[in-house]
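See structure below.
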Amino acid sequence: MGLHWSDIPVDALSVLRKGVAIPAHPLALRADRSFDIERQRALTRYYIDAGAGGLAVGVHTTQFAIRDVGLYEPVLEAALETASAWTDRPLIRIAGLVGRTDQAVREAGVARGIGYHAGLLSLAAMKGASEDELIAHCTRVAAEIPVVGFYLQPSVGGIRLSFDFWRRFSAIDNVVAIKMAPFNRYATLDVVRGVIAAGAADRVTLYTGNDDHIVADLVTPYRLPRGDAPVTLRIKGGLLGHWSVWLKAAVALLERCQVEAAKPSVSADLLALDSQVTDCNAALFDVAHNFHGCIAGCHEILRRQGLLEGIWCLDPQEGLSPGQAAELTRVQRAYPHLTDDGFVAANLDRWLSGDHRTALKDIAA
(Lines give C-alpha, C1' and ligand atoms only; values in the text may rest on other atoms or scores of the structure.)
Protein backbone atom coordinates (compact mmCIF):
# COMPACT_ATOMS: atom_id res chain seq x y z
CA MET A 1 0.00 0.00 0.00
CA GLY A 2 1.28 3.45 -0.90
CA LEU A 3 1.37 6.44 1.43
CA HIS A 4 -1.29 9.12 0.86
CA TRP A 5 -0.83 12.73 1.96
CA SER A 6 -3.69 12.28 4.42
CA ASP A 7 -1.51 9.65 6.15
CA ILE A 8 1.23 12.19 6.93
CA PRO A 9 1.13 13.07 10.65
CA VAL A 10 -0.97 16.19 11.09
CA ASP A 11 1.81 18.15 12.79
CA ALA A 12 4.30 17.41 10.00
CA LEU A 13 1.77 18.24 7.28
CA SER A 14 0.97 21.49 9.06
CA VAL A 15 4.67 22.36 9.05
CA LEU A 16 4.86 21.82 5.29
CA ARG A 17 1.76 23.90 4.60
CA LYS A 18 2.75 26.74 6.91
CA GLY A 19 5.95 27.25 4.97
CA VAL A 20 9.36 26.53 6.48
CA ALA A 21 13.06 26.50 5.72
CA ILE A 22 14.08 23.12 4.34
CA PRO A 23 17.81 22.76 3.63
CA ALA A 24 18.88 20.48 0.81
CA HIS A 25 21.16 18.16 2.77
CA PRO A 26 24.76 17.85 1.53
CA LEU A 27 26.85 14.68 1.63
CA ALA A 28 29.76 14.48 4.07
CA LEU A 29 32.76 12.59 2.68
CA ARG A 30 36.26 11.79 3.84
CA ALA A 31 39.36 12.46 1.74
CA ASP A 32 39.09 8.97 0.21
CA ARG A 33 35.47 9.80 -0.72
CA SER A 34 34.01 7.31 1.73
CA PHE A 35 30.90 8.27 3.70
CA ASP A 36 31.67 10.34 6.81
CA ILE A 37 28.63 9.45 8.90
CA GLU A 38 29.80 11.39 11.96
CA ARG A 39 29.91 14.68 10.08
CA GLN A 40 26.74 13.76 8.18
CA ARG A 41 24.97 13.49 11.53
CA ALA A 42 26.55 16.76 12.67
CA LEU A 43 25.04 18.52 9.64
CA THR A 44 21.59 17.20 10.48
CA ARG A 45 21.92 18.37 14.09
CA TYR A 46 23.02 21.80 12.88
CA TYR A 47 20.02 22.15 10.59
CA ILE A 48 17.61 21.17 13.35
CA ASP A 49 19.10 23.56 15.89
CA ALA A 50 19.23 26.36 13.31
CA GLY A 51 15.44 26.07 12.95
CA ALA A 52 14.86 23.93 9.87
CA GLY A 53 11.24 22.87 9.47
CA GLY A 54 12.23 19.79 7.51
CA LEU A 55 15.03 17.95 5.74
CA ALA A 56 15.44 17.15 2.05
CA VAL A 57 17.84 14.23 1.58
CA GLY A 58 19.01 12.40 -1.52
CA VAL A 59 18.44 15.51 -3.64
CA HIS A 60 20.73 17.41 -6.01
CA THR A 61 22.81 18.95 -3.20
CA THR A 62 23.25 15.46 -1.68
CA GLN A 63 24.67 14.44 -5.08
CA PHE A 64 22.55 12.24 -7.29
CA ALA A 65 25.56 9.89 -7.65
CA ILE A 66 24.94 8.48 -4.15
CA ARG A 67 22.78 5.93 -5.96
CA ASP A 68 25.77 4.72 -7.99
CA VAL A 69 27.88 3.97 -4.90
CA GLY A 70 25.26 2.35 -2.68
CA LEU A 71 24.73 5.34 -0.41
CA TYR A 72 21.09 6.22 -1.11
CA GLU A 73 19.61 4.18 1.74
CA PRO A 74 22.43 4.81 4.26
CA VAL A 75 22.24 8.57 3.74
CA LEU A 76 18.44 8.64 4.06
CA GLU A 77 18.60 6.45 7.16
CA ALA A 78 21.32 8.53 8.81
CA ALA A 79 19.35 11.75 8.48
CA LEU A 80 16.15 10.27 9.87
CA GLU A 81 17.82 8.41 12.74
CA THR A 82 19.79 11.50 13.72
CA ALA A 83 16.77 13.79 13.57
CA SER A 84 14.62 11.41 15.62
CA ALA A 85 17.29 11.17 18.32
CA TRP A 86 17.99 14.91 18.38
CA THR A 87 14.51 16.49 18.54
CA ASP A 88 10.85 15.82 19.21
CA ARG A 89 9.87 18.81 17.08
CA PRO A 90 7.82 17.82 14.01
CA LEU A 91 9.83 17.94 10.79
CA ILE A 92 8.65 17.30 7.25
CA ARG A 93 10.86 14.56 5.80
CA ILE A 94 11.47 14.68 2.05
CA ALA A 95 13.53 12.19 0.05
CA GLY A 96 14.87 12.82 -3.42
CA LEU A 97 13.54 10.53 -6.16
CA VAL A 98 15.25 10.24 -9.54
CA GLY A 99 15.46 8.07 -12.63
CA ARG A 100 13.02 6.51 -15.06
CA THR A 101 9.76 5.16 -13.71
CA ASP A 102 10.98 1.83 -12.34
CA GLN A 103 13.84 3.45 -10.45
CA ALA A 104 11.75 6.36 -9.13
CA VAL A 105 9.02 3.99 -7.92
CA ARG A 106 11.62 1.79 -6.25
CA GLU A 107 13.19 4.79 -4.50
CA ALA A 108 9.73 5.95 -3.41
CA GLY A 109 9.20 2.57 -1.75
CA VAL A 110 12.59 2.77 -0.03
CA ALA A 111 11.93 6.28 1.24
CA ARG A 112 8.46 5.36 2.47
CA GLY A 113 9.84 2.31 4.25
CA ILE A 114 12.50 4.36 6.04
CA GLY A 115 9.90 6.84 7.23
CA TYR A 116 9.94 9.76 4.80
CA HIS A 117 6.72 11.68 4.28
CA ALA A 118 7.17 12.73 0.64
CA GLY A 119 9.42 12.43 -2.37
CA LEU A 120 10.97 15.32 -4.31
CA LEU A 121 10.61 14.01 -7.85
CA SER A 122 13.27 15.00 -10.38
CA LEU A 123 12.32 14.54 -14.03
CA ALA A 124 15.83 15.03 -15.39
CA ALA A 125 16.07 11.38 -16.46
CA MET A 126 12.87 11.74 -18.51
CA LYS A 127 14.37 14.00 -21.17
CA GLY A 128 12.68 13.36 -24.49
CA ALA A 129 9.48 12.00 -22.95
CA SER A 130 6.14 13.40 -24.05
CA GLU A 131 3.94 15.31 -21.63
CA ASP A 132 1.58 12.34 -21.44
CA GLU A 133 4.53 10.10 -20.53
CA LEU A 134 5.69 12.57 -17.88
CA ILE A 135 2.26 12.73 -16.27
CA ALA A 136 1.98 8.93 -16.33
CA HIS A 137 5.40 8.71 -14.68
CA CYS A 138 4.44 11.19 -11.95
CA THR A 139 1.11 9.46 -11.36
CA ARG A 140 2.83 6.12 -10.92
CA VAL A 141 5.29 7.51 -8.38
CA ALA A 142 2.49 9.34 -6.56
CA ALA A 143 0.78 5.99 -6.04
CA GLU A 144 3.69 5.09 -3.73
CA ILE A 145 4.35 8.29 -1.78
CA PRO A 146 3.15 11.93 -1.66
CA VAL A 147 5.05 13.87 -4.28
CA VAL A 148 6.77 17.23 -4.24
CA GLY A 149 7.19 18.46 -7.79
CA PHE A 150 10.63 19.68 -8.77
CA TYR A 151 11.22 22.22 -11.52
CA LEU A 152 15.00 21.90 -11.86
CA GLN A 153 16.77 24.48 -13.97
CA PRO A 154 18.07 23.21 -17.35
CA SER A 155 21.59 24.47 -16.55
CA VAL A 156 22.06 21.59 -14.10
CA GLY A 157 20.09 18.92 -15.93
CA GLY A 158 16.43 19.90 -15.69
CA ILE A 159 13.95 20.01 -18.56
CA ARG A 160 11.54 22.71 -19.72
CA LEU A 161 8.00 22.06 -18.45
CA SER A 162 4.91 23.83 -19.73
CA PHE A 163 1.95 25.44 -18.01
CA ASP A 164 -0.17 22.52 -19.23
CA PHE A 165 2.20 20.06 -17.58
CA TRP A 166 1.95 21.85 -14.24
CA ARG A 167 -1.83 22.07 -14.51
CA ARG A 168 -2.08 18.33 -15.09
CA PHE A 169 0.60 17.54 -12.49
CA SER A 170 -1.15 19.64 -9.83
CA ALA A 171 -4.37 17.73 -10.47
CA ILE A 172 -2.73 14.49 -9.26
CA ASP A 173 -4.29 13.92 -5.84
CA ASN A 174 -1.12 12.87 -4.05
CA VAL A 175 0.91 15.96 -5.00
CA VAL A 176 1.49 17.99 -1.83
CA ALA A 177 3.97 20.67 -2.88
CA ILE A 178 6.12 21.98 -5.70
CA LYS A 179 9.69 23.22 -5.44
CA MET A 180 10.21 25.79 -8.17
CA ALA A 181 13.85 26.04 -9.20
CA PRO A 182 13.93 26.96 -12.91
CA PHE A 183 15.77 30.23 -12.12
CA ASN A 184 13.37 31.82 -14.60
CA ARG A 185 10.47 34.20 -13.88
CA TYR A 186 8.38 33.00 -16.81
CA ALA A 187 8.77 29.34 -15.89
CA THR A 188 8.02 30.07 -12.23
CA LEU A 189 4.81 31.79 -13.30
CA ASP A 190 3.85 28.70 -15.34
CA VAL A 191 3.91 26.64 -12.12
CA VAL A 192 1.79 29.12 -10.19
CA ARG A 193 -0.73 29.36 -13.03
CA GLY A 194 -0.85 25.58 -13.29
CA VAL A 195 -1.67 25.12 -9.60
CA ILE A 196 -4.41 27.75 -9.80
CA ALA A 197 -5.89 26.34 -13.00
CA ALA A 198 -6.03 22.86 -11.45
CA GLY A 199 -7.93 24.21 -8.45
CA ALA A 200 -5.20 22.73 -6.27
CA ALA A 201 -4.14 25.79 -4.27
CA ASP A 202 -5.40 24.36 -0.97
CA ARG A 203 -3.54 21.07 -1.42
CA VAL A 204 -0.32 22.04 -3.20
CA THR A 205 2.06 24.24 -1.22
CA LEU A 206 4.59 26.26 -3.19
CA TYR A 207 8.25 26.37 -2.18
CA THR A 208 10.96 28.42 -3.79
CA GLY A 209 14.04 26.70 -5.08
CA ASN A 210 14.97 29.81 -7.06
CA ASP A 211 18.18 30.49 -5.16
CA ASP A 212 18.73 33.53 -7.40
CA HIS A 213 15.56 35.32 -6.23
CA ILE A 214 14.69 34.00 -2.77
CA VAL A 215 13.37 37.11 -1.05
CA ALA A 216 11.28 38.27 -4.00
CA ASP A 217 9.68 34.83 -4.27
CA LEU A 218 8.76 34.84 -0.59
CA VAL A 219 7.09 38.27 -0.56
CA THR A 220 5.32 38.33 -3.94
CA PRO A 221 1.54 37.79 -4.02
CA TYR A 222 0.59 35.96 -7.20
CA ARG A 223 -2.89 37.25 -8.02
CA LEU A 224 -4.07 35.46 -11.14
CA PRO A 225 -7.47 34.67 -12.65
CA ARG A 226 -9.30 31.38 -12.47
CA GLY A 227 -12.49 31.74 -14.44
CA ASP A 228 -14.03 35.09 -13.53
CA ALA A 229 -12.46 35.35 -10.08
CA PRO A 230 -8.88 36.17 -9.08
CA VAL A 231 -6.92 33.74 -6.92
CA THR A 232 -4.02 34.88 -4.76
CA LEU A 233 -1.28 32.36 -4.18
CA ARG A 234 1.96 32.74 -2.25
CA ILE A 235 5.21 30.84 -2.07
CA LYS A 236 5.22 29.72 1.54
CA GLY A 237 8.77 28.53 2.21
CA GLY A 238 12.05 27.47 0.68
CA LEU A 239 13.65 24.14 -0.16
CA LEU A 240 17.05 25.30 -1.19
CA GLY A 241 20.63 24.25 -1.77
CA HIS A 242 21.59 27.78 -0.74
CA TRP A 243 20.05 27.08 2.68
CA SER A 244 22.42 24.14 3.25
CA VAL A 245 24.68 26.91 4.61
CA TRP A 246 24.07 29.86 6.93
CA LEU A 247 20.71 28.34 7.81
CA LYS A 248 20.07 30.18 11.07
CA ALA A 249 20.21 33.49 9.22
CA ALA A 250 18.00 32.03 6.49
CA VAL A 251 15.35 30.97 9.02
CA ALA A 252 15.28 34.50 10.41
CA LEU A 253 15.00 35.88 6.88
CA LEU A 254 12.09 33.57 6.05
CA GLU A 255 10.26 34.57 9.22
CA ARG A 256 10.73 38.24 8.38
CA CYS A 257 9.48 37.68 4.83
CA GLN A 258 6.37 35.91 6.14
CA VAL A 259 5.61 38.72 8.60
CA GLU A 260 6.02 41.48 6.03
CA ALA A 261 4.21 39.55 3.29
CA ALA A 262 1.12 39.57 5.49
CA LYS A 263 1.16 43.39 5.56
CA PRO A 264 -0.18 45.76 2.87
CA SER A 265 3.36 46.60 1.78
CA VAL A 266 6.88 45.26 2.08
CA SER A 267 9.72 47.45 3.32
CA ALA A 268 12.46 48.69 1.03
CA ASP A 269 14.99 47.33 3.54
CA LEU A 270 13.67 43.80 3.08
CA LEU A 271 13.59 44.13 -0.69
CA ALA A 272 17.20 45.32 -0.60
CA LEU A 273 18.14 41.95 0.91
CA ASP A 274 17.04 40.21 -2.28
CA SER A 275 20.05 41.42 -4.24
CA GLN A 276 22.38 40.70 -1.32
CA VAL A 277 21.16 37.12 -1.00
CA THR A 278 21.48 36.71 -4.77
CA ASP A 279 25.05 38.04 -4.63
CA CYS A 280 25.84 35.41 -2.01
CA ASN A 281 24.24 32.75 -4.17
CA ALA A 282 26.29 33.73 -7.21
CA ALA A 283 29.41 32.88 -5.21
CA LEU A 284 28.01 29.73 -3.63
CA PHE A 285 26.61 28.35 -6.87
CA ASP A 286 29.50 29.45 -9.09
CA VAL A 287 27.35 31.30 -11.59
CA ALA A 288 30.48 32.66 -13.29
CA HIS A 289 31.30 29.11 -14.41
CA ASN A 290 27.80 27.94 -15.29
CA PHE A 291 27.21 26.34 -11.85
CA HIS A 292 30.17 23.96 -12.07
CA GLY A 293 31.09 24.53 -8.42
CA CYS A 294 27.56 24.77 -7.02
CA ILE A 295 27.92 21.83 -4.62
CA ALA A 296 31.57 22.45 -3.82
CA GLY A 297 30.79 26.08 -2.99
CA CYS A 298 28.34 25.04 -0.29
CA HIS A 299 30.84 22.47 0.96
CA GLU A 300 33.50 25.16 1.22
CA ILE A 301 31.41 27.29 3.59
CA LEU A 302 30.67 24.22 5.72
CA ARG A 303 34.38 23.36 5.69
CA ARG A 304 35.32 26.86 6.82
CA GLN A 305 32.82 26.54 9.66
CA GLY A 306 34.23 23.15 10.67
CA LEU A 307 31.12 21.11 9.87
CA LEU A 308 32.84 19.35 6.98
CA GLU A 309 36.44 18.17 6.90
CA GLY A 310 36.83 18.95 3.20
CA ILE A 311 34.91 19.84 0.06
CA TRP A 312 35.20 16.43 -1.60
CA CYS A 313 32.44 15.33 -3.98
CA LEU A 314 31.83 11.84 -5.31
CA ASP A 315 32.99 13.03 -8.73
CA PRO A 316 36.68 13.95 -8.43
CA GLN A 317 36.13 16.53 -11.19
CA GLU A 318 33.70 18.51 -9.03
CA GLY A 319 35.36 21.22 -7.00
CA LEU A 320 35.75 24.96 -6.67
CA SER A 321 36.24 26.93 -9.85
CA PRO A 322 39.08 29.45 -10.30
CA GLY A 323 38.29 32.52 -8.22
CA GLN A 324 35.32 30.96 -6.43
CA ALA A 325 37.02 30.77 -3.04
CA ALA A 326 37.81 34.49 -3.23
CA GLU A 327 34.20 35.24 -4.13
CA LEU A 328 33.01 33.26 -1.12
CA THR A 329 35.34 35.26 1.10
CA ARG A 330 34.04 38.49 -0.42
CA VAL A 331 30.37 37.77 0.26
CA GLN A 332 31.12 36.43 3.74
CA ARG A 333 32.74 39.74 4.61
CA ALA A 334 30.21 41.91 2.78
CA TYR A 335 27.08 40.38 4.31
CA PRO A 336 27.81 39.10 7.83
CA HIS A 337 24.09 39.52 8.66
CA LEU A 338 23.35 36.73 6.16
CA THR A 339 25.76 34.26 7.76
CA ASP A 340 25.64 32.23 10.98
CA ASP A 341 29.34 31.62 11.57
CA GLY A 342 29.19 32.59 15.24
CA PHE A 343 26.24 30.30 15.90
CA VAL A 344 28.05 27.38 14.30
CA ALA A 345 31.29 28.06 16.17
CA ALA A 346 29.45 28.15 19.50
CA ASN A 347 27.71 24.81 18.92
CA LEU A 348 30.04 22.83 16.65
CA ASP A 349 31.46 20.58 19.37
CA ARG A 350 28.03 19.42 20.53
CA TRP A 351 26.93 18.65 16.97
CA LEU A 352 30.08 16.66 16.25
CA SER A 353 29.84 14.74 19.52
CA GLY A 354 26.07 14.36 19.57
CA ASP A 355 26.08 15.59 23.18
CA HIS A 356 22.65 16.72 24.37
CA ARG A 357 24.02 17.68 27.78
CA THR A 358 25.65 20.84 26.51
CA ALA A 359 23.20 23.71 26.11
CA LEU A 360 22.46 25.13 22.68
CA LYS A 361 24.00 28.59 22.31
CA ASP A 362 21.75 30.92 20.36
CA ILE A 363 24.30 33.23 18.77
CA ALA A 364 23.17 34.90 15.56
CA ALA A 365 26.50 35.33 13.83
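The values are calculated or read from the model by the stated rules, or taken from the named source; none is laboratory data. For clarity, every value in this text was computed on a predicted model and none was experimentally measured. Note: ideal-geometry Cβ built from the backbone for every residue, glycine included; neighbour counts use all protein chains shown. Just the protein is used for accessible areas: all its heavy atoms, side chains included, with ligands, DNA and RNA removed. Shrake-Rupley method; radii C 1.70, N 1.55, O 1.52, S 1.80 Å.
Observations, loosely collected:
- The stretch 310-360 - accessible surface per residue (Å², probe 1.4 Å): 52
- Counting heavy atoms of the protein chains alone, His213 has an accessible area of about 60 Å² for a 1.4 Å probe.
- Rolling a 1.4 Å probe over the heavy atoms of the protein chains gives the stretch 182-221 an accessible area of 30 Å² per residue.
- The chain shape via C-alpha gyration tensor axes, a/c threshold 1.5: rounded
- For Glu300, neighbours were defined as the other residues whose beta-carbon sits under 14 Å from its Cβ, and their charges (Lys and Arg +1, Asp and Glu -1) total -2.
- Mean sequence separation of contacting Cα pairs (under 8 Å, at least six apart), scaled by the length of the stretch 62-130, corresponds to a relative contact order of 33 percent.
- Given charges at beta-carbon only (K, R positive; D, E negative), |dipole| of the chain in Debye: 520
- Stretch gain in nm, segment Asn290-Thr87, where the contour uses 0.36 nm per residue and the Cα spacing is subtracted: 69.3 nm
- For the chain, carbon and sulfur atoms together expose 52% of the accessible surface, with a 1.4 angstrom probe and every protein chain in place.
- If a spin label sat at a point 7 angstrom from the Cα of Arg330 along the line to its beta carbon, the backbone N atoms of the stretch 285-316 nearer than 15 Å would be those of 285-290.
- Label separation (Leu224 vs His356): 4.5 nm, computed from points 7 Å beyond Cα along the C-beta direction.
- Accessible area per residue in Å² at 1.4 Å probe, computed on the stretch 1-158: 35
- For the pair the stretch 263-291 / the stretch 130-202, the C-alpha centres are spaced 25 Å from each other.
- Three-way shape call for the stretch 120-252 based on the alpha-carbon gyration tensor, with the a/c threshold at 1.5: oblate
- Here the label points at Ala65 and Asp132, each 7 Å from Cα along the C-beta direction, are separated by 3.8 nm in the simple model.
- Under 19 Å between alpha carbons - lysine pairs in the chain that sit 8 or more apart or on different chains: 9
- The stretch 1-139 shape via C-alpha gyration tensor axes, a/c threshold 1.5: oblate
- Computed with a 1.4 Å probe on the full set of protein chains, the accessible area for Lys18 sits at about 130 Å².
- Estimated 222 nm signal from helices in the chain, with DSSP H stretches of n ≥ 4 weighted -39500 (n - 2.57), rounded to 500: -13500 deg cm²/dmol
- For the stretch 44-82 versus the stretch 343-364, the inter-centroid distance based on Cα atoms is 20 Å.
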